[in-house]
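Quick notes on the structure that follows.
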Amino acid sequence: MSKALKFFLFAILAFGLVFAAGCGGSNDTTTEEPEEAPAEEQVEENAAEEEATEEAGGVVNLYTSRHYDTDEALYAKFTEETGIEVNVIQGKGDELMERLDREGEATEADVFITADAGNLARLKEKELTQAVESEVLAANIPEKLRDVDNEWFGLTKRARVIVYAKDRVDPSELSTYEALTEPEWEGRVLIRSSENIYNQSLMASFIELNGEEAAKEWAAGIVKNMAREPQGGDTDQAVAVVAGEGDVAITNTYYIGRLINSEDPEDVKVGEAVGVFFPNQDTNGTHVNISGAAVVKHAKNVENAVKFIEFLTNVEAQEVFAEGNNEYPVNPEAEMSETLKSWGEFKEQDIDLTILGENNAQAIMILNEVGWK
Ligand code: FE2
């Protein structure tokens with residue numbers, strides 16, 4: 001058993017944690033939310049404890065749209081190793097971003113964590129982040145998974161794949177994202193709303209790789225072949241595939257991993273009834289996105305903030321992310337979990353994720369133009 005796995009299991013036992021509910025609830029725009037909205041905000045602090053650790057290592061204040069127990073276990077491990085207390089405020093990505101903007105220089109936030117390079121780019125655009133020079137981060141994270149100016153850093157990777165009904169679709173029928181626009185897929189394709197950043201970033205990648213015209217043609221073709229008007233999150237698309245509302249869906253990998261590894265037998269049934277297919281393996285690769293972290297522009301604990309992000313990218317932490325939430329490590333030295341291994345290796349789109357932010361506005365425009373709700 002790997003060290004990371006051992007630690008992870010220990011953390012689950014020691015903290016009495018259970019797997020978190022899924023993210024990407026019905027119509028959220030930021031998608032790292034629980035199915036049920038969390039309490040307004042959850043500030044975790046223990047006054048006495050904080051006082052003690054403040055002397056030892058101080059604090060780092062975190063705003064995060066992630067809500068996984070594995071993340072909590074990692075924060076506890078960070079405190080144990082460094083003496084730096086982690087105060088967590090959890091909420092929806094766009095609400096936290098607005099809050100950070102509103103708070104300006106007065107903010108207590110040091111680190112901001114959210115899903116999707118598109119969201120991280122927005123954060124940078126609003127001048128809410130600062131550049132970080134860190135040899136550790138440069139070594140742990142491949143260049144294309146961090147901002148060109150080092151204002152945000154990828155923590156985990158996810159692939160946006162085709163999932164298919166194993167009983168109705170043979171994977172040999174699948175090839176590319178583009179092929180799903182062919183007439184044979186009419187009325188069979190499930191995908192969530194274009195308000196969702198995941199689809200905006202997918203479009204942004206197509207604009208970069210294929211040009212604006214081809215990207216627009218693709219989006220129009222998908223709208224034409226939709227099994228239903230977009231609704232729900234990624235998990236809902238997989239559920240709809242199994243229910244027979246459509247035969248294929250475009251979703252992020254970790255949602256399927258979460259279904260397969262769920263304690264709810266109904267989830268497991270859904271997870272096992274669908275197959276995961278990595279599209280565009282013979283062309284320009286499968287779309288990959290990240291969740292990531294940034295040091296806040298007006299952070300008061302910059303040094304601790306950098307240490308914290310460095311910690312989250314070390315091999316051990318990366319393996320915990322993989323094991324606990326079925327996300328791909330950004331650190332190439334980290335080992336994949338069994339679920340990730342079971343899906344096999346795949347060719348990724350070769351683009352700098354900074355592009356996803358740059359093309360976001362154009363992507364939204366095209367999605368609106370073609371009537372993708
Ligand atoms: Fe998500």
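The values are calculated or read from the model by the stated rules, or taken from the named source; none is laboratory data. The model shown is predicted, which means the values in this text are computed figures rather than measured ones. Glycine also receives a Cβ, built like all others from the backbone with ideal geometry; neighbour counts cover every protein chain displayed. Heavy atoms of the whole protein, side chains included, go into the accessibility calculation; ligands, DNA and RNA do not. Shrake-Rupley method; radii C 1.70, N 1.55, O 1.52, S 1.80 Å.
So what is the relative contact order of region 123-265, in percent, for Cα pairs below 8 Å that sit 6 or more residues apart?
Reported as a whole number, the value is 29 percent.
Counting only protein heavy atoms and a 1.4 Å probe, tell me what percentage of region 306-373's accessible area is made up of carbon and sulfur.
Carbon and sulfur together cover 49 percent of it.
Counting C-alpha atoms alone, how compact is region 271-373: give Rg to one decimal and Dmax as a whole number, in angstrom.
For region 271-373, the Cα radius of gyration and maximum Cα-Cα distance read 17.4, 49 Å.
Per q in 0.20, 0.23 1/Å, what log10 I(q)/I(0) does a Debye calculation on the alpha-carbon atoms of region 125-216 return?
These q points yield log10 I(q)/I(0) values of -1.12, -1.29.
Could you report region 315-357's accessible area per residue, 1.4 Å probe, as an integer in Å²?
40 Å²
Return one whole number: the accessible area per residue of region 80-188 in Å², for a 1.4 Å probe.
Accessible area per residue, region 80-188: 43 Å².
Pairs of Cα atoms under 8 Å, at least six residues apart: use those to get the relative contact order of region 55-117, whole percent.
It comes to 51 percent, rounded to a whole number.
With a 1.4 Å probe and all protein chains kept in place, how do Phe277, Phe311 rank by accessible area, largest first?
I get Phe277, Phe311, largest accessible area first.
Would you tell me the accessible area of Arg66, worked out with a 1.4 angstrom probe on the heavy atoms of the protein chains, in Å² to the nearest 10?
Around 0 Å² of this residue is reachable by solvent.
Estimate the FRET efficiency between Glu173 and Glu303 by the formula 1/(1 + (r/R0)^6), using the beta-carbon distance for r and 45 Å for R0, to the nearest 0.05.
0.25
Arranged from highest to lowest average of other beta-carbon atoms within 10 Å per residue, in what order do the peptides 244-253, 170-179 appear?
In decreasing order of mean packing, 244-253, 170-179 become 244-253, 170-179.
Within 10 Å, count the other beta carbons around each residue, average over each peptide in 355-366, 320-331, and list them highest first.
320-331, 355-366
Mind giving me the FRET efficiency for Val148 and Glu81? R0 is 30 Å, r the Cβ-Cβ distance, nearest 0.05 is fine.
0.45
Going by the alpha-carbon gyration tensor, a ≥ b ≥ c the square roots of its eigenvalues, is region 202-303 rounded (a/c under 1.5) or, if a/c is not under 1.5, prolate (a/b greater than b/c) versus oblate?
The shape class here is oblate.
Ranked highest first by the average count of other Cβ atoms within 10 Å around their residues, in what order do 338-349, 157-168, 210-221, 290-301 fall?
290-301, 157-168, 210-221, 338-349
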